[in-house]
Structure formats: C-alpha cells, structure tokens
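The values are calculated or read from the model by the stated rules, or taken from the named source; none is laboratory data. From a predicted model like this one, the values you see are computed outputs, not experimental measurements. Virtual Cβ from ideal backbone geometry, glycine too; neighbours counted across all protein chains shown. Only protein heavy atoms, including side chains, enter the accessible area calculation; ligands, DNA and RNA are left aside. Shrake-Rupley method; radii C 1.70, N 1.55, O 1.52, S 1.80 Å.
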Amino acid sequence: MNDDTESRLSGAGATVPEAQETEPAPPLPDDALVIVPVRGTVLFPGVVMPLTLGRKRSIAAAQEAVRSKRPIGFILQREAMNEEPAPADLFRVGTVAAVLRYVTGTSGVHHVICEGEQRFRTIEYLPGYPYFVARVERVGEPAETGTEIEARVHQLRKLVDETMELLPEAPEGLGQALAQTVSAASLADMVASFLDLTPEEKQDILETFDLQARLDKILEKLTHRLEVMRLSDQIGKQTKAAMDERQREFLLREQLKTIQRELGEDQSGAEVEELRNAITEAKMPAEAEEHARKELARLEHMPEAAAEYGMIRTYLDWLIELPWSKLSEETIDINAARATLERDHYGLEKVKKRILEYLAVRKLNPEGRSPILCFVGPPGVGKTSLGQSIARAMGLEFVRQSLGGVHDEAEIRGHRRTYIGALPGNIIQGIRKAGTRNPVFMLDEMDKLGAGFQGDPSSALLEVLDPEQNNTFRDNYLAVPFDLSKVFFIGTANVLDSIPGPLRDRMEVISLPGYTENEKLQIARRYLVERQLQANGLRAEQLEITDAALTSIIRDYTREAGCRNLEREIGAVCRHAAVQFAEGRQEAMQIDAPQIQDILGPRQFESEVAMRTSVPGVATGLAWTPAGGDILFVEATRVPGKGGLILTGQLGDVMKESAQAALSLVKGRTEALGIASDLFEKSDIHIHVPAGAIPKDGPSAGVAIYIALVSLLTGKTTRTDTAMTGEISLRGLVLPVGGIKEKAVAAVMAGITRLLMPARNRKDLEDIPQDARDRVQFVWLESVDDAVRAALEDVGDSSGTLKRA
C-alpha cells in the first residue's frame, strides 16, 4: 500500500522540496513533539496514511520534522472550519507518526506520507515556535493476554472477513494486510482506521487506551456497519433482479414483435386497428369520439409493458362498450300494459293509474322527457317489483342499483383515472350492463344514502335526476358527457324524511300504503301460494290451503304493512306438507284454519283492544312507523300525591308535551266533565304507553291521552271498537296529523271498526284503500268535545250538557 501511494503521488509530477531559509527556531526539548492539527481524519498507530498540508503553520511543522528527522504528532482539531486553531481547539490525544515521504506538487500543494507509531497525550504547549510544539506523554499498549482479548480478536476477524466479502471495491491488499496482523492492538487500530465512522467516533476509539474496551467499541461499530451492508446488498440484489426481469421482458416483447412482423402476424397493429373500427361503430358524440381517438393515438405509440398501457386500454373498452346510440324499441300498448300490471300486482290502483298515464303520454310524445318517480312505502309492499313490471310493460331493459349504505360520491360519479383500479360510477356501470340508453333504472333504498368524508352521494344524484341537466352527465372516469335523458329513473324509499329536500324536489312521489286483510288474502291466493309451492317442490293438486287458513295466518301470525312475513309463514306450511309427502304418509293435503296452530305454533298476535279498554283510564291510539301503521294504548292511573305528572314508556319530547297539554286541558274543564276540582291537589297522574322498549314520539297521540285522562277521572270506559288520532291544542281544538292512510289500514287489521280522526284530515280519505273504508266508520273531530262524545258515554261537554255517544 505504501508503494502504491508513493508512486501515485510521484506519478502526479511531485518532487521533494529543497530546504528553505527560515529564521532558526529554538531547539526542541527531548520530551517535546512537533504537532500538526488535522481536519476530518484520525491517524491510528500502525497505519500508513497520505495527508495534504495547506496551512503555513502545518507546512513549517512538517518541514522541521523532516529536517530534524524527528517524529511528528497529528491531532484532530475540534472544529474543521477553524483555519487558525488554538491549543484549546485541539483534542488532547493524538498519534506519533514517522514521515515516510514529503512531496510538493506542481501547484504548490504539500503532501506527506506518514506511518502512525504510538498514541500520546499532550501535557502542555510550548510558546516561541512558528508551529505547535507540545510536551507529551507517550502511551504504550497494554498486555494482550487473556481469554477475553482472544475471544474479541476472534470475533473481530470473523466480522472483518464477512465485511470484506461485501466490499468488492475495498483497496487491494487490505484483506491480506488485516489477516497478517498478529497484534490485537494493531488489528483494532487498522480496522478502526478503515471503518466508515465520523472523525469524532474515530477520535473516541483513539482515546480508548484500554484494549478490551477498545475492541468492544470497534466490534459494536463494525457489527452495525455490517448489518447495514447486508441490508444494502440485499436491496441491491432485489433491485437488480427486478431490473433484469423487466429488461428481459422488454427484450422478449421486442423480439416477439419482430418475429410477428416477419410472419405478418403483428397483433399490436391489428389490435389498434380493431379499436379504431370499434370507435367508429360506437357512434359516439363528437367530443367523446375525439377524446377516444386521442387516447388511441397515445396507446399506439406506447409499449405494452408500460404501466399506463393497460389503464388506457381499459378506458377505451369502457368508451366503446357504452350504448352511445343504442335505444331499445318501445312497444307501448296501453291495454297490454294494464294487463301486465294487473297480472303482477293486486290493488295499488293509484300507482297503476299514474304509470298508465305516463305510458300514454310517452306513446303520444316519444321525444318527451321521462318522469322521475319515487315509490315510498313500508317494506314488502311491492316497490321494487313495480319497477320490473313497468319495464316489462314497455318492453325495456331493467337495471336495479341499491343505494343502501352508499356513502362515497365516487359510487355515483366514478373515480378519476389517476387512481389505481378506477372505474365509472354505478350509473354508468348500470347503463353499460343494460346495453341501451333508455332502460328502466331503479335506484333502490334512496332513503338509506349515507354521507362521509368522501363526499355526499345524494348531492351527486342531483344532476342524475334533473331532466334539465342529465343530458350532459359527466362521470369522473369517462371525463366526457353522457346523455341520461332517455333513462326512466324510478326511486324507492321507506320514508321521505331522510331524503334531502333538493333531491326530493326532483322526483314525483307516489305513496304505496300497506295492504288490508282482504288485499293480503288476494295476494296470497294469486301469487304467494303458487310461488311457495314451486319453491318447495309441490304441485297445486298436492296441497290446497283454504282461504280460512290464509286468513288465520294473516290475522294471527303476521302484523305488517307488506307481505314478506306472510310469504314466510306460507312457506312454513308448505314445508310441513313437503315432509308428509316425502315420508309417503300423504298423497294430497288440504290445510284449513284449525290446522294452522298445529303447524305454526301458538298465535303470535291477537286482538287485545277489548281486554285493554275494559277498565277506565285506557284509550286506543294510532301510530305511524316506517314499516306501516300500528295501534298503541295509552294508560292512565291516579296515585296519592301533590298534583304531579309522571310519564313512562320511553316517550319523546313532543309526546311529553302532548301529555302535559292534555292534562292542562282536563284541569281547565273539570266542572264540565264532572270532576272534583280538588282532585288534582291530592293526586299524581301517571301516564304510561306500553312497549316501553320502543321509542315513541309525535303529537298525534294528543286525543288518545286526553280521552284516557277523562276516562280515568270520570270512571267511564272507552268503547272497545274505537281508536283515535289527532293533535290537541289548549283551546280544545283537534289538529290534523300525518300517516292517516297507514293508521287506518293498521286499525282495520287490529279489528277496529270506528276511527276518530281530525276533521281537517277528511281530505286524506281518498288515500285510504276502499276495502278499509268499507269496514270502518269514520268520526271526524273538530274539538275534544266531539272526541269525548264519540269515545265515552254519559260524560258532559264543555257546556255541562250530558250527551250519549
């Protein structure tokens, strides 16, 4: 290594400088040493190192050492940027070195080649010299005996060998020199010299005089560096393997293209030409076609191995496969459409009438805009199947997209193509699936749309469902407008409250009430029984379910607005029969009402109106729920107290206020009702609405609460065949409420024959199914006095006159 360094310097044109005349310096004491500060490097004993000298003080010191043939001391300075360091700026420990060669280059730069000999510690710096001179204490190496030292030297040599394998660019002969080093101290210093450490870390090792501690520090540093080198080598190999694989794939693809061109089988050119013809046949609008051809030109000049190739190809496939100009032929026959609707659905006359009106207008004006209908009703009343019937009646394709739980705007508008795995939104996907630009597109469960940090999908639907805008609907993935004006959109929802106002404003809402008992019987006879017979592998001649049996199922085992539970119970009856047939015990069966309880178990529902209202203080109210209407009972009792009001049954704030208003109204009419005025001073009134686990709210129970209080305080019971609804005011007026249709249907199913309703809800009578109207007597209320006369007997009105209902 010494020869290589020397020859490299000499080969650069360096020459040994001649002596220069300078003022004589005081002679050096025997224990003094010429000191040269160095920056960024540390010289270790036993190591030969070339150094470059640039500062005049350092050059003078080196020249003096060469003239006097004395060793020189090298010490690391603390701050490398300090051009004129003082003794305090130097570390205290350095290395005594012999100058092997002094060379001056042609540019005046001075170089010395030194060999470290021994550590030293400075005692004091001597003044009067043009360079640093210090009294020093030389530090010898400790004894190298003992198993601790041998073990560390063995481990160090092992790590050095592993390191040399990972360093192909290491200086030539370094591994051999390290292997030939016998002394533990020399081996430690040589390894520390070539380790990739900071000058401060090397200085720390130089100042460690204890050999065992020095070996521990070097082992720690070398182990860390070796681990880094292993990981770096592993990463390098992986990167090289990946690059080699890509290069190999690229070369093979290029060779394949060349072979295909020679054989006249160049698939890439044929593929591009096929895409070009497909774009022409798609008959896109001018803007979309221009955009598609621009992307095709990019694809043509792009290698198949490129990451963007597949993305552009997928995008072009979407553009080509969309039905830009394909329209299904509408076969509108009003009589056939009416027959289809009657065949598929029983009842729903108002809905069928509106659908036939649309078909008639569409037949007379084919270019008119399609309406956007929204079917609202409880579960199981046939909203989704109505959309399928409309599509069959018009001869159009039917697409259904459920919006329940959708909370990302991109589900409607699609993702931009910059995202990995981007796709168009559900609207464009549905149009592609239909294969035509004028399908019947059902947006199911619109009331269950969510909203999150990704955006509000209901806002994205505003453009889709606006006839003034949807002819230029722009999906984020396509980035070109698509015409949705020919699509017949139909929405469905259970409730309207959760649909935002602007979105609700864009749709024509058609309400579907719950079915009455007779309607359910007809639906079961026409559709459900036949469907369950087929599902359970039975024939009509094998099993007959009588009307009485179906009526028993409807009354005693289901209480819902729709027919889903009814179909499940019919399925249970069919499965019971299937077991009998499979075991060979029966060849034909007839199921009648008495057998239903044996098959389905005890009755799930029974009429409890008569039992509940047979005591004073109980009134039957009507409630609306998202699943349809229902009846509820209001119970009141009087306990000793101081005139307080106790409310239980998980009532909402509005219902609590209704109860307070009803009690205040009763207190104001005690004389007319024949109630002792001091009764409230000695009693607390407790109002409870059963089914305490179910939250209840709303003002429509006001009349029922008032009647329950009057019944309690007068000792008169309410009529068992009567139910009531309506909000009350402190003036005794009965105010209108909502959900009249659902409440009336629920009352009929519960066996109620008289309904007390606000007079201002008389307009809603048309919405109640005719079958329900025929089975119920309606009593229209202007004030609470009308309710008292209709619900109770022998109770006075506000004028004090006793009247009989």
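Since LEU679 meets every condition but one in (1) open to solvent by less than 70 Å² (accessible area, probe 1.4 Å); (2) touching a Lys or Arg at 6+ places or on another chain (Cβ under 7 Å), which condition does it not meet?
Among (1) open to solvent by less than 70 Å² (accessible area, probe 1.4 Å); (2) touching a Lys or Arg at 6+ places or on another chain (Cβ under 7 Å), the lone unmet condition for LEU679 is (2).
This table checks each residue for (1) assigned to a loop (DSSP other than H, G, I, E, B); (2) open to solvent by less than 80 Å² (accessible area, probe 1.4 Å); (3) under 21 Å from GLN429 (Cα atoms).
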{"position": "LYS294", "(1), (2), (3)": "no, no, no"}
{"position": "ALA297", "(1), (2), (3)": "no, yes, no"}
{"position": "THR340", "(1), (2), (3)": "no, yes, no"}
{"position": "ARG343", "(1), (2), (3)": "no, no, no"}
{"position": "TYR346", "(1), (2), (3)": "yes, yes, no"}
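Considering each residue of region 663-685, count those that are closer than 11 Å to LYS642 by Cα, out of contact with any Gly (no Cβ under 7 Å at 6 or more places or on another chain) and outside any helix (DSSP H, G or I), and give that number. Break it down into steps so the answer makes sense when it comes.
Applying the first criterion (closer than 11 Å to LYS642 by Cα) to region 663-685 yields 678-685.
This time we only want the ones that are out of contact with any Gly (no Cβ under 7 Å at 6 or more places or on another chain), so: 678-679, 682, 685.
If we keep only those that are outside any helix (DSSP H, G or I) as well, we get 682, 685.
Going through region 663-685 one residue at a time, the tally reaches 2.
Here is a list: ARG526, ARG539. Which entry is modelled with pLDDT of 85 or more, touching a Phe, Trp or Tyr at 6+ places or on another chain (Cβ under 8 Å) and open to solvent by 60 Å² or more (accessible area, probe 1.4 Å)? Quick ask: steps written out before the conclusion?
Details: ARG539 fails: touching a Phe, Trp or Tyr at 6+ places or on another chain (Cβ under 8 Å).
After applying the criteria, what remains is ARG526.
Test of understanding: among ARG603, ARG564, which residue is touching an Asp or Glu at 6+ places or on another chain (Cβ under 7 Å) and more than 30 Å from LYS682 (Cβ to Cβ)?
Working: ARG564 fails: touching an Asp or Glu at 6+ places or on another chain (Cβ under 7 Å).
Only one candidate passes the filter, namely ARG603.
Name the single residue, out of those in region 639-652 being open to solvent by 60 Å² or more (accessible area, probe 1.4 Å) and within 19 Å of GLY702 (Cα to Cα), that is farthest from the chain's Cα centre (by Cα).
Taking region 639-652 and keeping what is open to solvent by 60 Å² or more (accessible area, probe 1.4 Å), we get 640, 642, 646, 650.
Keeping just the survivors that are within 19 Å of GLY702 (Cα to Cα) gives 646, 650.
Details: ILE646: 45, GLN650: 34 Å.
Among them, the one singled out is ILE646.
Output the qualifying pairs, or none if there are none: Cβ atoms under 8 angstrom, residues six or more apart or on different chains, first residue in region 419-439 and under 21 Å from ARG313 (Cβ atoms), second residue in a loop (DSSP other than H, G, I, E, B) and β-branched (Val, Ile, Thr).
ILE431/VAL487
Could you name every one of the strands (runs of 3 or more DSSP E) located completely within region 60-165 that has at least 3 residues being over 19 Å from GLY46 (Cα atoms) and either open to solvent by less than 60 Å² (accessible area, probe 1.4 Å) or in contact with a Phe, Trp or Tyr (Cβ under 8 Å, 6 or more places away or on another chain) (or both)? Before you say what the answer is, go through the steps one by one.
Working: elements: 72-76, 93-104, 110-126, 132-139.
Where strands (runs of 3 or more DSSP E) fall fully within region 60-165 and carry at least 3 residues being over 19 Å from GLY46 (Cα atoms) and either open to solvent by less than 60 Å² (accessible area, probe 1.4 Å) or in contact with a Phe, Trp or Tyr (Cβ under 8 Å, 6 or more places away or on another chain) (or both), they are 110-126, 132-139.
Looking at region 701-740, which of its residues are more than 18 Å from ARG789 (Cβ to Cβ), surrounded by 18 or more Cβ atoms within 10 Å (Cβ to Cβ) and either at pLDDT 90 or above or aliphatic (A, V, I, L, M) (or both)?
ALA701, GLU727, VAL737, ILE740
What do you reckon, is ALA460 out of contact with any strand residue (DSSP E or B) (no Cβ under 6 Å at 6 or more places or on another chain), hydrophobic (A, V, I, L, M, F, W, C) and open to solvent by 40 Å² or more (accessible area, probe 1.4 Å)?
Numbers: out of contact with any strand residue (DSSP E or B) (no Cβ under 6 Å at 6 or more places or on another chain): yes; hydrophobic (A, V, I, L, M, F, W, C): yes; open to solvent by 40 Å² or more (accessible area, probe 1.4 Å): no.
Judged against the criteria, ALA460 is not a match.
Out of ALA787, ALA746, I need the residue that is out of contact with any His (no Cβ under 6 Å at 6 or more places or on another chain), modelled with pLDDT of 85 or more and not in a loop (DSSP other than H, G, I, E, B). Which one?
After applying the criteria, what remains is ALA787.
Taking strands (runs of 3 or more DSSP E) that do not extend beyond region 504-599, which have at least 1 residues that are in contact with a Pro (Cβ under 9 Å, 6 or more places away or on another chain)? Quick ask: steps written out before the conclusion?
Working: elements: 508-511, 543-545, 589-591.
Ranges flagged: 508-511.
Can you confirm whether region 326-334 contains a residue that is under 30 Å from ALA524 (Cβ atoms) and either of a type outside the set (Ser, Thr, Tyr) or not in a helix (DSSP H, G or I) (or both)?
Residues of region 326-334 under 30 Å from ALA524 (Cβ atoms): 333-334.
Those still in the list that are either of a type outside the set (Ser, Thr, Tyr) or not in a helix (DSSP H, G or I) (or both) too: 333-334.
Scanning region 326-334 turns up at least one residue that is under 30 Å from ALA524 (Cβ atoms) and either of a type outside the set (Ser, Thr, Tyr) or not in a helix (DSSP H, G or I) (or both).
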